[in-house]
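So the structure is just underneath, and the comments pick up after that.
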Amino acid sequence: MAQEANNGDEAEECFREGAALFTAGRYPEAIRAFEKALEARPRDARFLTGLAAAVDRLGFFSHTLSLAGQAAAAAPLSPNAWFFRGLALYRRGDYAGAEDAFFQAVALVPDHTEAWFFLGNCYYLSGEVEKSLACFDRLLALSGRYPKALYNKGVSLADLGRYEEAVEAYRACTDMSPGVAVVLTNLGVALAGLGQP
């Protein structure tokens, strides 16, 4: 019994070390720490999700997908497992699969802002622009300061020919992130769509 408790403490310490290394951007070292934690507890969803996040940052999306799938199977109520599964599918261009995973994440944690953001992107890339707008609006209601969501909302609105609303979204985005060239360019295009110089 004492040996099991020791292994559990060591695994938790490795997980905390991995999380700190991940936050510092030291992904290869974080991977080693998460793998060490998993040696003691191979089906711990937190450890699997931590490893999935670090592997994702290095661009190994197939491995991320496998780890996130294992985490979701081990803990189906883990929003982060579903989020990283969705992120891996999104990065591989499987928007329908990613939509399902992100939807699971927001069903579990309705204020999961990143899941709402990527769910909106999935809908947009799948041609479901109205649904993408609903996601960006939900995200902005949760966290008004989210320039990427404002920009993507502007793009969606412009695609629908709703240039006045697009201009509002782009201007709100530039208020938060001034000088971003792509936002200013799209603002100009939307203003041109309204016949304004």
*Using alpha-carbon pairs under 8 Å, 6+ residues apart, how would you state the relative contact order of the stretch 1-149 in percent?*
13 percent
_Under 13 Å, Cβ to Cβ, from Cys14 - net charge with Lys/Arg +1 and Asp/Glu -1_ = -4
_What distance in nm lies between label points placed 7 Å from Cα along the C-beta direction at Arg43 and Ala24?_
3.3 nm
*Using only the Cα atoms of the stretch 23-114, what do you get for the radius of gyration and for Dmax, in Å?*
12.4, 35
*Linear extension gain, Glu164 paired with His63, 0.36 nm per residue minus alpha-carbon span*: 32.0 nm
_Nothing charged except the Cβ atoms of Lys and Arg (+1) and of Asp and Glu (-1): what's the magnitude of the dipole of the chain about its Cα centre? Round to the nearest 20 debye._
300 debye
*Based on DSSP H runs of at least 4 residues, each adding -39500 (n - 2.57), what is the mean residue ellipticity at 222 nm of the chain after dividing by all its residues, to the nearest 500 deg cm²/dmol?*
-26000 deg cm²/dmol
*Ignoring any ligand, DNA or RNA, what whole percent of the accessible area of the chain comes from carbon and sulfur when the probe is 1.4 angstrom?*
54 percent
*asked:* Using a Debye calculation, one point per C-alpha and no hydration shell, please list log10 I(q)/I(0) for the chain at q = 0.19 Å⁻¹ in order.
replied: -1.19
*Net charge near Ser78: determine it from the other residues with C-beta under 11 Å of the C-beta of Ser78, scoring Lys and Arg +1 and Asp and Glu -1.*
+1
*Considering only Val106, Asn186, Phe22, whose Cα is most displaced toward the positive end of the charge dipole of the chain, charges sitting on Cβ of Lys, Arg (+1) and Asp, Glu (-1)?*
Asn186
*Roughly speaking, what is the stretch gain from Ala73 to Glu130, that is 0.36 nm per residue apart minus the C-alpha to C-alpha distance, in nm to one decimal?*
17.3 nm
*How large is ³J(HN,Hα), in whole Hz, for each residue of the stretch 40-53 in order, when computed from phi with the Karplus curve 6.51 cos²θ - 1.76 cosθ + 1.60 and θ = phi - 60°, using x for Gly and Pro?*
7, 9, x, 10, 6, 4, 5, 5, 4, 5, x, 5, 4, 5
*When the chain is modelled as a GNM with alpha-carbon springs shorter than 10 Å, which of Leu160, Leu89, Leu51 fluctuates the most?*
Leu160
*Determine which lysines satisfy two conditions relative to Lys131: a Cα distance under 28 Å, and not lying fewer than 8 residues away in the same chain.*
Lys148, Lys153
*Short version: ³J(HN,Hα) in whole Hz for each residue of the stretch 153-158, in order, from phi by Karplus 6.51 cos²θ - 1.76 cosθ + 1.60 (θ = phi - 60°), x for Gly and Pro, what are they?*
5, x, 4, 4, 5, 5
*asked:* Keeping every protein chain present and rolling a 1.4 Å probe, give me the accessible area per residue for the chain in Å².
replied: 51 Å²
_³J(HN,Hα), Karplus 6.51/-1.76/1.60, whole Hz, each residue of the stretch 15-30, x for Gly, Pro_ = 5, 4, 5, x, 5, 5, 5, 4, 4, 7, x, 9, 5, x, 5, 4
_Furthest towards positive pole of dipole, Leu125, Leu89, Gly69, structure part the chain, Cβ charges_ = Leu125
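The values are calculated or read from the model by the stated rules, or taken from the named source; none is laboratory data. This one's a predicted model, so the numbers in the text were calculated from it and none came from an experiment. Positions of Cβ are backbone-derived with ideal geometry, glycine not excepted, and every protein chain shown enters the neighbour counts. Side chains are part of the model used for accessible areas, which takes the heavy atoms of the whole protein and leaves out ligands, DNA and RNA. Shrake-Rupley method; radii C 1.70, N 1.55, O 1.52, S 1.80 Å.
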